[in-house]
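Peer 1: Structure in structure tokens, see below.
Every number in this text was worked out from the coordinates using simple rules, so none of it is lab data. Bear in mind the structure is a predicted one, so any value in this text is a computation, not a measurement. Cβ placement follows ideal geometry from the backbone for every residue including glycine, while neighbour counts extend to all protein chains displayed.
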Amino acid sequence: MSIRFRWNPPFERKTKAGLDRAQRAIDSGVLRYSEPFLPFQSGGLRNSGITGTKVGSGRVRWIAPQAHYLYEGKVMGPNIPLHENGQLVGFFSKAPKEYTGETLKFHGAPKRGARWFHRMKRVHGADIVEDANRAYRKGGKA
């Protein structure tokens, strides 16, 4: 026995359009609501989320080279001190790097810092779902 099921074409188009709007709302919401939780120094990490994400694709990506390091929030090393004229001017670290067990310290903590997506989701998850539902039902903007 086989059963064939076909959507009514106008219903299918309307449903797909609603789902596309909802996905755009989710992707935009993740970027928008995550911004206050991101580590911020010059805006490079935030901008990498904008350039690394095709809104509506269902995949939000922060593509800056330091994104994973900052997301984990753990110091990596070995960290070799650099000195100039007897003054510490920075650190050098060559590959392969490993976690040192120390935690990064972020300006703007505790709101800004590691694991920003998971922390944002706890605070704004319901807002994102509401935005997606509104976009699906009414064609609302994300």
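Peer 1: Is it fair to say Ile50 is aliphatic (A, V, I, L, M), more than 22 Å from Gly108 (Cβ to Cβ) and under 12 Å from the mean Cα position of the chain (by Cα)?
Peer 2: Working: aliphatic (A, V, I, L, M): yes; more than 22 Å from Gly108 (Cβ to Cβ): no; under 12 Å from the mean Cα position of the chain (by Cα): yes.
Taking the combined requirement at face value, the residue does not satisfy it.
Peer 1: Here is a follow-up. Considering only the range 40-57, I want to know if a residue exists there that is among the small types (Gly, Ala, Ser) and closer than 30 Å to Phe11 by Cβ. Full working, then the answer.
Peer 2: Here is the first cut: in the range 40-57, the residues among the small types (Gly, Ala, Ser) are 42-44, 48-49, 52, 56-57.
Filter once more, keeping what is closer than 30 Å to Phe11 by Cβ: 56-57.
The answer is yes, given that some residue of the range 40-57 is among the small types (Gly, Ala, Ser) and closer than 30 Å to Phe11 by Cβ.
Peer 1: Of the conditions (1) surrounded by 17 or more Cβ atoms within 10 Å (Cβ to Cβ); (2) under 17 Å from Arg115 (Cα atoms); (3) in contact (Cβ under 8 Å) with a residue 40 or more places away in the chain, Pro36 satisfies every one except a single condition; which number is it?
Peer 2: Result: Pro36 passes all but (1).
Peer 1: On to the next question. Here are some residues: Gln66, Gln23, Gln41. Which one is touching a residue at least 60 places away in the same chain (Cβ under 8 Å) and either exposed (fewer than 11 other Cβ atoms within 10 Å of the Cβ) or more than 24 Å from Glu130 (Cα to Cα) (or both)? Please lay out each step first, then the result.
Peer 2: Details: Gln66 fails: touching a residue at least 60 places away in the same chain (Cβ under 8 Å); Gln23 fails: either exposed (fewer than 11 other Cβ atoms within 10 Å of the Cβ) or more than 24 Å from Glu130 (Cα to Cα) (or both).
The conditions single out Gln41.
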